[in-house]
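Chemist: Structure provided below as structure tokens; questions to follow.
Just so it is clear, none of the values below were taken in a lab; they were calculated from the coordinates. Model, not experiment: these values are computed from the prediction. No Cβ is skipped: glycine too gets one built from the backbone with ideal geometry, and neighbour counts run over all protein chains shown.
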Amino acid sequence: MPNLTAREKECLYWASQGKTSWEMGRILGITERTANFHIANLCGKLGVHNRQAAIMAALQRNILNLSQIPRTSLTSADVRQARLG
């Protein structure tokens, strides 16, 4: 089983929730480029080529369990406002 960092797991979770790298950055307080860096690293560790495949691989390997990860209070409206602001 690959050893994902805590940040890679966070990015994987948000990707599984349909968030873009920009949105992940806003949620996690990192840049879009850094979110992409973590996604690329976790894809490499899982042996896949994109975030959708990483989500499936993580679910199949029980690395990602969507029911156990707490959700943020950031709403879609907050993300939209941040884009406009």
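Chemist: Between Arg7 and Val48, take the C-beta separation as r, use R0 = 25 Å, and let me know the FRET efficiency to the nearest 0.05. Mind dumping the intermediate values first?
Modeler: Values: r = 18 Å, r/R0 = 0.72.
Working from the Cβ atoms, E equals 0.90.
Chemist: For segment 6-48, what is the Kirkwood hydrodynamic radius in Å, using each pair of distinct C-alpha atoms?
Modeler: Taking every pair of different Cα atoms in segment 6-48, averaging 1/r and inverting gives 9.9 Å.
Chemist: Order these peptides, 43-52, 13-22, by their mean beta-carbon neighbour count within 10 angstrom, highest first.
Modeler: Working: 43-52: 14.9, 13-22: 18.1.
Put in order of decreasing packing, that is 13-22, 43-52.
Chemist: Then there's this: What does the charge count around Asn41 come to, taking other residues whose C-beta lies under 14 Å from its C-beta (Lys +1, Arg +1, Asp -1, Glu -1)?
Modeler: Result for the local shell: +3.
Chemist: Taking the simple approach of a point 7 Å from Cα along Cα-to-Cβ for both Asn41 and Asn62, what is their distance in nm?
Modeler: That separation, rounded to one decimal, is 2.6 nm.
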